[in-house]
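Reading through the structure tokens given below for one structure.
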Amino acid sequence: MAVNTQTASSDRGQAITVSIAFLAWIRATANAGLKTFQMARMLSTLSSMSDYQLAQIGISRSDIPEYAAKLMADD
């Protein structure tokens, strides 16, 4: 039985490429999930602050989503 080494090598290369693409997708999905979690936590923390505390950092309650997004973008 003859083995075509060219085909076996090509199949292995394709399997590696697919594996790398899958790992990249997992990483991107995990990063997106982490960012979502961090944003939710930041919004919760800022929302739990008093109006006085928010004023001390220079924002109003209505500015919380924009402020949180800016902090996340700087990250």
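The table for this structure:
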| item | result |
| --- | --- |
| Tabulated pairs, the stretch 21-41, first of a type in the set (Asp, Glu), second at pLDDT 95 or above, C-beta under 6 angstrom, 6+ apart or interchain | none |
| Lone qualifier among ILE26, ILE20, ILE59 - being on the phi < 0 side of the Ramachandran plot, assigned to a loop (DSSP other than H, G, I, E, B) and at pLDDT 95 or above | ILE59 |
| Cβ pairs under 8 Å, 6+ apart, first in the stretch 60-75 and under 13 Å from LEU43 (Cβ atoms), second of a type in the set (Gly, Ala, Ser) and in a helix (DSSP H, G or I) | ARG61/SER47; ILE64/SER47 |
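The values are calculated or read from the model by the stated rules, or taken from the named source; none is laboratory data. Keep in mind the model is a prediction, meaning the values are calculated, not measured. Every residue, glycine among them, receives a Cβ derived from its backbone with ideal geometry; neighbour counts consider all protein chains shown.
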